[in-house]
Amino acid sequence: MFTFSGKVIKGEGRGKKIGTPTANLDNISLPLNYGIYLVEVDFDNNIYTGLLHFGPKKTFNMNISTEVYIHNFKADIYGRKLKLKVLKKIRKIIKFKNVNKLIQQIEKDKEELSSV
């Protein structure tokens with residue numbers, strides 16, 4: 001398992017628009033292969049499960065990002081530090097034909113959260 005920290009920075013708000021808000025992190029130099037990972041997120045000594053996206057946003061033709069969806073979490077955490085523990089890789093990053101296909105895959109990815 002690999003652990004790292006990152007400060008939450010402003011993103012484009014795309015995750016929120018498609019129903020899966022993410023916290024964008026300032027750390028894009030990780031010793032991980034690009035992909036989607038199951039993670040534990042430590043925020044203020046509370047542990048949450050989440051999904052980490054690390055790599056290019058292929059569907060949107062965008063550069064590398066490190067962002068995390070935190071399950072059952074709603075708080076304004078801009079500028080705050082998160083500590084993440086990578087538990088396992090779920091899948092590689094895929095370029096989807098459209099946003100609806102991406103949303104369908106994210107919903108499948110979220111099923112992994114119940115395995116923690």
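Rule-based calculations on the coordinates, nothing more; no lab input. Everything quoted here is computed from the prediction, not taken from an experiment. In this analysis, Cβ positions are derived from the backbone assuming ideal geometry, glycine residues included, and neighbour counts consider all displayed protein chains.
Determine, from the Cβ-Cβ distance of LYS10 and GLU40 and an R0 of 25 Å, the FRET efficiency 1/(1 + (r/R0)^6), rounded to the nearest 0.05. Intermediate values should be presented prior to the final figure.
Values: r = 24 Å, r/R0 = 0.96.
The computed FRET efficiency comes out at 0.55.
How tilted is helix 99-110 with respect to the longest principal axis of the chain? Cα atoms for both, answer in degrees (0 to 90, nearest 10).
40 degrees
Cα-Cα over 24 Å: which of LYS7/LYS85; LYS58/LYS83; LYS58/LYS108; LYS74/LYS97?
From LYS7/LYS85; LYS58/LYS83; LYS58/LYS108; LYS74/LYS97, over 24 Å: LYS58/LYS83; LYS74/LYS97.
Using just the helices of the chain, give the 222 nm mean residue ellipticity in deg cm²/dmol: DSSP H runs with n ≥ 4 each add -39,500 (n - 2.57), and the total is spread over all residues, rounded to 500.
Dividing the helical sum by the residues of the chain leaves -3500 deg cm²/dmol.
Between LEU51, PHE4, VAL41, whose Cα lies farthest towards the positive end of the dipole of the range 2-115 when Lys and Arg beta carbons carry +1 and Asp and Glu beta carbons carry -1, centred on the Cα centre?
Projecting each Cα onto the dipole axis, the largest value belongs to LEU51.
First check a/c for the chain, with a ≥ b ≥ c the square roots of the eigenvalues of its C-alpha gyration tensor; if it is under 1.5, answer rounded, and if not, answer prolate when a/b is larger than b/c or oblate otherwise.
Since a/c stays below 1.5, the shape of the chain is classed as rounded.
Net charge within 12 Å of ASP44 by Cβ-Cβ distance, Lys/Arg positive one each and Asp/Glu negative one each, not counting ASP44 itself?
+2
Roughly how many debye, to the nearest 20, is the charge dipole of the chain about its Cα centre, given +1 on each Lys and Arg Cβ, -1 on each Asp and Glu Cβ, and no other charges?
Dipole about the Cα centre, nearest 20: 440 debye.
Expected output is a single nm value to one decimal: the length gained when fully extending between SER115 and ASN100, i.e. 0.36 nm times separation in residues minus the C-alpha distance. What is it? Walk me through the numbers on the way to the answer.
Details: separation 15, 0.36 × 15 = 5.40 nm, distance 2.49 nm.
Full-extension gain reported as 2.9 nm.
Would you tally the net charge around SER29, using a Cβ to Cβ cut-off of less than 15 Å, leaving SER29 out, and scoring K and R as +1, D and E as -1?
Local net charge: -1.
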